[in-house]
Amino acid sequence: MVNNITLIIIFFLGGLAFLFFGIYVYKINRRIIKNGIKCKAIITDIEKKILKSMQGADDFNEIYFIYKVRYTTISGVQIEKFTNEGVQKQYQIGEEIEIIYNSKNETEFLAFQKSQDTLVYLFIFIGILFLVISILFFLK
């Protein structure tokens, strides 16, 4: 019985954490889009991140790139900042990408919206799944 209660608590708290984080990031993204202005940004620097697999095999390592971009707002302010998310697609320094920056906070921007949306929906799904599993364990 103690093991079941521990499992229920772990899945429930994990589910809440995933769900709240997913909703939090979703709201931030929607706020940026709602108040957003699309513009072109130029990639000025690249950070390569290698995520090691749990198995330790080199074949399963995943490579992500975090980009520093420079863009000019409508008010003429030039901003240079790293993206918040890493993507697997490799761009080159000097390449142009489209971003959406928040007109109310011009340093807040969203790049690679499609991959960001996928990640948000994945977090929300995992959160709901963990909550359902905890409820099923509780009812069992």
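Can you spot a residue in segment 107-126 that is touching a residue at least 12 places away in the same chain (Cβ under 8 Å), polar (S, T, N, Q) and touching a helix residue (DSSP H, G or I) at 6+ places or on another chain (Cβ under 9 Å)? Scanning segment 107-126, I find at least one residue that is touching a residue at least 12 places away in the same chain (Cβ under 8 Å), polar (S, T, N, Q) and touching a helix residue (DSSP H, G or I) at 6+ places or on another chain (Cβ under 9 Å), so the answer is yes. The numbered conditions (1) within 17 Å of Lys68 (Cβ to Cβ); (2) surrounded by 13 or more Cβ atoms within 10 Å (Cβ to Cβ) are all true for Ile93 except (2). The set of residues in segment 111-135 that are of a type outside the set (Asp, Glu), modelled with pLDDT under 90 and farther than 13 Å from Ile43 by Cβ comprises Gln113, Lys114, Ser115, Gln116, Thr118, Leu119.
The set of residues in segment 1-18 that are under 15 Å from Ile135 (Cα atoms) and surrounded by 14 or more Cβ atoms within 10 Å (Cβ to Cβ) comprises Leu7, Ile8, Ile10, Phe11, Phe12, Gly14, Gly15, Leu16. Here Ile100 does not fit the description of being closer than 30 Å to Asn3 by Cα and in contact (Cβ under 8 Å) with a residue 12 or more places away in the chain.
Filtering segment 33-74 down to residues that are hydroxyl-bearing (Ser, Thr, Tyr) and modelled with pLDDT of 90 or more, which residue is surrounded by the most Cβ atoms within 10 Å (Cβ to Cβ)? Among those residues, the one meeting the criterion is Tyr67. The residue list Leu110, Leu136 contains one member that is exposed (fewer than 13 other Cβ atoms within 10 Å of the Cβ) and of a type in the set (A, V, I, L, M), which is Leu136.
The values are calculated or read from the model by the stated rules, or taken from the named source; none is laboratory data. What you see is a predicted model, and the numbers here were worked out from it, not measured in a lab. Backbone-built Cβ (ideal geometry, glycine too); neighbour counts: all protein chains shown.
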